[in-house]
1. Yes or no: residue 453 closer than 23 Å to residue 624 by Cα, surrounded by fewer than 24 Cβ atoms within 10 Å (Cβ to Cβ) and modelled with pLDDT of 95 or more?
2. Scan 405, 367 and give me the residue that is on the phi > 0 side of the Ramachandran plot and not aromatic (Phe, Trp, Tyr).
3. Of all residues being of a type outside the set (D, E, K, R) and part of a strand (DSSP E or B) in the stretch 639-668, which is nearest to residue 595 (Cα to Cα)? Just the residue, please.
4. Looking at residue 203, is it surrounded by 17 or more Cβ atoms within 10 Å (Cβ to Cβ), of a type in the set (A, V, I, L, M) and within 30 Å of residue 336 (Cα to Cα)?
5. Just checking, does the stretch 466-480 include any residue being over 23 Å from the mean Cα position of the chain (by Cα), hydroxyl-bearing (Ser, Thr, Tyr) and part of a loop (DSSP other than H, G, I, E, B)?
6. Can you run down the residue pairs with Cβ atoms below 9 Å, 6 or more apart or on separate chains, where the first is in the stretch 423-435 and farther than 13 Å from residue 400 by Cβ and the partner is of a type outside the set (Val, Ile, Thr)?
Amino acid sequence: MSPSVPAASAVLVGTPKAGSVDEINAVATFVDDIVDDCYQYNVSVSGAARYLSGAKSVGVTRIQNKLLERLLPGSDVLSESAGQAKKTFNSYASEVELIHKRADQIKQDVRDDLQSISSAMSEIERIAREIRVSASYSWQAVPPGQLPDPVLSRAADDLSSAEQSAAKQNLRMLYENQWLGAAVRWKTALEHIDSLKAEWARLIDERRIAEKALVDALDDTAIGHMISLGSGAGTSAKRTIALVISGELWGESNEGTPYSTSHPLLKKLIGTEDGSHFQNLSITPEEIASNWDTLEPEEQAILIAAVPGVIGNLPGLSGEVRNLVNRAQMTFFREHPQLLTPEQLRLAAGLQNILNREDLQLRSGQGADPPIQVLGLDLAVSPPRAAVSYGNVDTAGNVTWLVPGMLNDASEGIKGMDEAGVNLFRTQGRVSGGNQNAVIAWLGYDTPGDPLKWDFGVLASESAITGASRLVAEINGLDASRLHGGGELPTRNVAAHSYGTTVASIALKDVQYPVDTFVMIGSAGLDTAEIKSLGDLKVKEVSPGQSAIYTTHADGDHLAPAGAGASGRGQPNPNANGYGLQNFSPVYGGAISFSAEGDTSLQLKGTNGHSLIGSGLEPGGAGISASVGQGYLDSATESINSISKITTGNIDLKLQHSFQITEAERVNYIIDPATGNLYPYRVKETT
């Protein structure tokens, strides 16, 4: 190969190859051995319990209880985690093996192409010498397809012009096809190398995504949750794992009593000693805010210590108080992790990861970015609930409630909502020049499950109606805490995704004070029985006669309109395509529609699926999920940029000119005379 042609390793930047598949398989074998060990351990423990069953004493009973109620379940948790880890490592090994094979093939193909270029380069150099011209080309610079004009030797000086022309023509006839063939081979090889370089970069992305999926899957095992929770201040992963699995560490049982929800002092605060139904109190958030101030500091401290699960979730109290109490709850459950169910442990672990990130930022001296307030942590219900604020809700001039859709119960949705909340907070700060903003990731209701697993709650409104009542209480509660003592309301926004728009729209009928903006993101439809028109919602006007109700929908998101159509809910996005099911949805008129398709002039990506945060190199089938970086609230998308401008009041002329007002449409049906089937179609409503 010519010295001027580089090696393949110099052409291919970075590498998708690290470690070996054998190393990954070795780890998978190790965790598989743990599963076997757990089985043998369970056999031994069960045998010991049976052996002791013939003896009767207090001590023997305690030992039996320890064996059957703590050690066996603990071993099952370890076995389940190891089994999940084995599947994860096996899947990762398969992906890595394919990546390595393709990487080796790409490297060999690049070598072959470089050899082809080197050969063509040598051919061009040889021909150039034969026709006495200078031909010096970089390996990346393809020579022209036309043969340069040959130069004759001095011996041709005595030839006539006609003879010289004939001699040059002979040289052209002899070499022009050879020159063209070499140039074509060179160009073809170089173009192939460019495509291989792009595929190489894609493989690097695939490896990065595969590694992240591996880490996320391991983090999402029970052992992973224990490690995360045990990473908080004053605890250790070893201690947390030991307490959850066996109930003790080196003889320390650390028995804890779950928090109570009842205390006599609660009567002075909420009118009843029983706070277990704090979400359905007859007392208003304004009264709660006022009653809290009438309590002596000692009484407040007693309630915080005795019933934190109530105080930390009570609408009407300040963000400062709720954050203090809910962080105290986290401290308690870090110390007593054995009191948590697997679902509660998963939520606590996710929340601990958020607090750890903030703590790391504070210890580095850079300040929290963003500062965190834990506004809700209810572990007494199933599914558990939480709310996290990015920014200070007590002082922010602008507050945005972020409401999730299906498959976002707090325990399963906290990671994605955390990323979405951080992205929205930071983008709002950028477009508003760093103004005081707060974004509340509200995971406060039982979201619908997966229809693919025969959970069709997303097609009904029960979860939305229940969730809406809680959202109303929280919005009114924040308003009460800000107005208490003569304060003022901040600018208040609600941004809801998917089924969350169903929840939020119902809530916005009943809030005490109209919100400043309502943004629907990939709406799964509004309940037409609850919402007759968008005028039912308490949302301020952006101009006379026009409510500040905004909506966006990505062309690649087919899940949202299909869900709205299948449920018969109304659609705020008239052009949303749900494979024909959208025709079963009437269209609400009067929303301000904006694009989520991307803006190349601003280097903003389009959204190509239904999810808030994208995952994987390609969008999911039928637009179920977006690809990496292309979810509605990924940090570099047009949708989050526009949503941030809308919710901070920084709408520029370009965005404003892109707005379109939706027109109301009703659903009519035609009858197929051959089959008698009804087929829906939409028609514009006229006033």
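1. On the way: closer than 23 Å to residue 624 by Cα: yes; surrounded by fewer than 24 Cβ atoms within 10 Å (Cβ to Cβ): yes; modelled with pLDDT of 95 or more: no.
The answer is no for residue 453.
2. Criteria check complete, one pass: 367.
3. Applying the first criterion (of a type outside the set (D, E, K, R)) to the stretch 639-668 yields 639-644, 646-651, 653, 655-662, 664, 667-668.
Still in the list and also part of a strand (DSSP E or B): 660-661, 667-668.
Values: 660: 9, 661: 12, 667: 25, 668: 28 Å.
Here the residue is 660.
4. Details: surrounded by 17 or more Cβ atoms within 10 Å (Cβ to Cβ): yes; of a type in the set (A, V, I, L, M): yes; within 30 Å of residue 336 (Cα to Cα): no.
When the stated conditions are applied, residue 203 does not pass them.
5. No, the stretch 466-480 has no match at all.
6. 430/641; 430/644; 433/650
Let's see how each residue does on (1) under 16 Å from residue 389 (Cβ atoms); (2) among the acidic types (Asp, Glu); (3) in the same structural domain as residue 565 (by TED's automatic domain parsing):
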{"residue": "425", "(1), (2), (3)": "yes, no, yes"}
{"residue": "429", "(1), (2), (3)": "yes, no, yes"}
{"residue": "437", "(1), (2), (3)": "yes, no, yes"}
{"residue": "446", "(1), (2), (3)": "no, yes, yes"}
{"residue": "458", "(1), (2), (3)": "no, no, yes"}
{"residue": "485", "(1), (2), (3)": "no, no, yes"}
{"residue": "497", "(1), (2), (3)": "no, no, yes"}
{"residue": "500", "(1), (2), (3)": "no, no, yes"}
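To keep it simple, each residue is scored yes or no on (1) modelled with pLDDT of 95 or more; (2) of a type outside the set (A, V, I, L, M); (3) buried (at least 17 other Cβ atoms within 10 Å of the Cβ).
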position: 288; (1), (2), (3): yes, no, yes
position: 292; (1), (2), (3): yes, yes, yes
position: 295; (1), (2), (3): yes, no, no
position: 299; (1), (2), (3): yes, yes, no
position: 321; (1), (2), (3): yes, no, yes
position: 338; (1), (2), (3): no, yes, yes
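The values are calculated or read from the model by the stated rules, or taken from the named source; none is laboratory data. Since this is a predicted model, take the numbers as computed values, not measurements. Note that we place each Cβ from the backbone using ideal geometry, even for glycine, and neighbour counts take in every protein chain shown.
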